[in-house]
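**Q** This is the structure I want to talk about, given as structure tokens.
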Amino acid sequence: MKLFGAPLSPFVRKARIVAAEKKIAYDYDPRPSPLGWPEDFEKINPLKRIPALLPDSDNPDFAINDSSAICAYFEKRTPSPALYPEAATDYGRALWIEEVCDSDLAGKIGLGVFRPIFFNIATGKPADTKAAHAGFEVLAEKLLPYLQTQLGEAEYLAGEAFSIADIALTSQLMNLDLVGFALPKDRFGALRAHYERCIARPSISQFIEQDQLMVEKMGVVVERQID
């Protein structure tokens, strides 16, 4: 089994966290990214998106693409520990939260906050902190309050157990943290506590450490913007 995709992609990270929770072994190719596609990658995913999974590395003609499809495949392949709730209401809720995080949250974090800081520094330009702060305020206006309301006083987002909903949210927030935007406790205390609870899990903490090392090796120095 082989998984493709750049490690700082929150979608690749989501799939890797699910695999880690389930102790699924795989070969990992970090090369494919929007900054450069390996030769013939289009044969694996004609849309040129990551992550991509070859369930059987000897059969490159069959791939599973898209993080949600890959995570669902992992769940069916290795049902325990379950990362999708059993109860119908909780299951639907988990899929909805995953979709919110993979669509609106991903777009607003990626383009509005992460890109003006990380991509600018990585390409030798000054960080556009003004644009990033404006992007964060767009998040803080509706989307983050909505997600905090959905969490309420619960420990997890969909039912009483850690699930794909929590993984999807945490995978996105990790990129906020990488560019210096921790969720402020005075505005999003419940979400911040949820995030800290999730990243303490071994399946996630390993990627926190790996991401930080990668950023340092790239020579990207990020100043703390919000804490």
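**Q** Quick test for you: out of Ala6, Ala63, Ala20, pick the one residue that is more than 20 Å from the chain's Cα centre (by Cα) and either assigned by TED's automatic domain parsing to the domain that holds Arg115 or not basic (Lys, Arg) (or both).
**A** Checking each option against the conditions leaves just Ala63.
**Q** Pairs under 6 Å by beta carbon, first residue more than 13 Å from Asp102 (Cβ to Cβ) in the range 157-181, partner among the aromatic types (Phe, Trp, Tyr) and crowded, with 24+ Cβ neighbours inside 10 Å, six or more apart or different chains?
**A** If the second residue must be among the aromatic types (Phe, Trp, Tyr) and crowded, with 24+ Cβ neighbours inside 10 Å, no pairs are left.
**Q** Sticking with this structure for a sec: Identify all residues within the range 184-200 that are of a type outside the set (D, E, K, R) and either at pLDDT below 95 or not assigned by TED's automatic domain parsing to the domain that holds Asp166 (or both); write none if there are none.
**A** If the condition is that a residue be of a type outside the set (D, E, K, R) and either at pLDDT below 95 or not assigned by TED's automatic domain parsing to the domain that holds Asp166 (or both), then Pro184 is the only one that fits.
**Q** In the range 67-90, is there at least one residue being free of Cβ contacts under 8 Å to residues at least 40 places away in the same chain, closer than 26 Å to Leu8 by Cβ and loosely packed, with under 12 Cβ neighbours inside 10 Å?
**A** no
**Q** Sticking with this structure for a sec: Taking the range 104-130, which residues are more than 20 Å from the chain's Cα centre (by Cα) and closer than 17 Å to Leu183 by Cα?
**A** Answer for the range 104-130, where residues must be more than 20 Å from the chain's Cα centre (by Cα) and closer than 17 Å to Leu183 by Cα: just Thr129.
**Q** Can you say whether Ala190 is in a helix (DSSP H, G or I) and out of contact with any Leu (no Cβ under 9 Å at 6 or more places or on another chain), as far as the supplied structure shows?
**A** So Ala190 does not fit the description; no.
**Q** Here is a further query. Just the residues that are modelled with pLDDT of 95 or more and surrounded by fewer than 23 Cβ atoms within 10 Å (Cβ to Cβ), please, taken from the range 30-53.
**A** None; the set is empty.
**Q** In the range 197-219, which residue that is charged (D, E, K, R) and within 16 Å of the chain's Cα centre (by Cα) is farthest from Ala168 (Cα to Cα)?
**A** Glu209
**Q** From the residues in the range 1-29 that are outside any loop (DSSP other than H, G, I, E, B) and charged (D, E, K, R), which one is surrounded by the fewest Cβ atoms within 10 Å (Cβ to Cβ)?
**A** The extreme case among them is Asp27.
The values are calculated or read from the model by the stated rules, or taken from the named source; none is laboratory data. What you see is a predicted model, and the numbers here were worked out from it, not measured in a lab. Don't worry about glycine lacking a Cβ; one is built from the backbone with ideal geometry, like all the others, and counts go over all protein chains shown.
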